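In what follows, a single structure is set out as C-alpha cells and then discussed.
Nothing in this text is a laboratory measurement; each read-out follows from the coordinates by a stated rule. Because the structure is predicted, anything quoted here is derived from the model rather than measured. Glycine also receives a Cβ, built like all others from the backbone with ideal geometry; neighbour counts cover every protein chain displayed.
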C-alpha cells in the first residue's frame, strides 16, 4: 500500500475474486518500506469504506509493535500473526507477554510445524492417553488461552473436523508441564522466526 488513495484497488480485486464485498481481516504481512502511519491511514480508509472489518499485522516483533502502537489509529489492530507452535516458542519470552498485556491476540501460523512434530514421543503418548491424535494435542496446546488463535491447514472436511476436536481436549496442568519438558520454553530473547 502506498497511500489511502490507492489502497482500495487490491482490496476490490480480492473481494471480487472471493465474491464478497468486504474482508473480515486484512493483514499487513511484514513491516516494510511504506511508513506505518501511511499504512494505518489506508487501513482507516478501508474500514470507513466498509471494505474491511478488521486489520492486523503479521511477523511483527516487539519493537515493531512498539513503533506501531504509538501511531494514530493503531488501537484498532486486531491481531499479530506469527509463527508459533511447540517447537517455535521464542515469542513466549517477550512478544507474547507484550501482546497479552494489551489484549492483542496472537494468530499462530503453522501451529503443527507443517506436520513435522506429530511423530514426537511426548505428543504420541498424550494422544494415546486421550484417544486423540498428535495434531489435536499440539493444536490444543497452542489454543490454551483466549488470546491465541491458530491457523492449521486442513485439506478435507474430515481433517477440519479432526482439528476442531482439539478444543474438546481437557489438557491438565501435568500434561502442559510434560509438554514444557519435551519442548522447552525460551530462556532469553530470540529473533522472530518465520517460514
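Structural remarks
- Computed from the Cβ-Cβ distance with R0 of 22 Å, the FRET efficiency linking residue 37 to residue 66 stands at 0.90.
- Angle between the chain longest axis and helix 173-182 axis [Cα atoms, degrees, rounded to 10]: 80 degrees
- Beta bridge orientation in the stretch 1-104: antiparallel %, DSSP, nearest 5: 10 percent
- Taking a point 7 Å from the Cα of residue 53 along the Cα-to-Cβ direction, the residues of the stretch 140-164 with backbone N closer than 20 Å to it are 146-152.
- Whole-angstrom gap from the stretch 136-195 to the stretch 36-104, using each part's C-alpha centre: 21 Å
- Segment residue 164-residue 187, extension gain: residue separation times 0.36 nm, minus the distance between their alpha carbons: 5.1 nm
- Extension gain for the segment residue 102 to residue 157, taken as residue separation times 0.36 nm less the Cα-Cα distance, is 16.3 nm to one decimal.
- Over the C-alpha atoms of the stretch 1-107, the Rg to Rh ratio, Rh being the Kirkwood estimate, stands at 0.99.
- Folded to 0 to 90 degrees: helix 36-48 orientation relative to the chain principal axis, Cα: 80 degrees
- Ranking of 110, 58, 14, 172 by count of other Cβ atoms within 10 Å, fewest first: 172, 14, 58, 110
- In this simple spin-label approximation, residue 20 and residue 124 carry label points 7 Å from Cα along the Cα→Cβ vector, and these lie 4.0 nm apart.
- 222 nm mean residue ellipticity, helices alone, for the chain (DSSP H n ≥ 4; -39,500 (n - 2.57); rounded to 500): -11000 deg cm²/dmol
- Candidates 81, 174, 114: whichever shows maximal mean-square fluctuation once the chain is modelled as a Gaussian network with Cα springs under 10 Å: 174
- Helix 8-18 axis, angle to the chain major axis (alpha carbon atoms, nearest 10°): 50 degrees
- Scattering curve values for the stretch 84-195, log₁₀ I(q)/I(0), Debye with Cα scatterers, q = 0.15, 0.17, 0.21, 0.22 Å⁻¹: -0.63, -0.82, -1.25, -1.35
- Looking at the chain alone, DSSP beta bridges between its own residues are antiparallel in about 5 percent of cases.
- With q set to 0.10, 0.12, 0.18, 0.20 Å⁻¹, the log10 of I(q)/I(0) for the stretch 8-182, from the Debye formula over equal scatterers at the Cα positions, is -0.46, -0.65, -1.14, -1.28.
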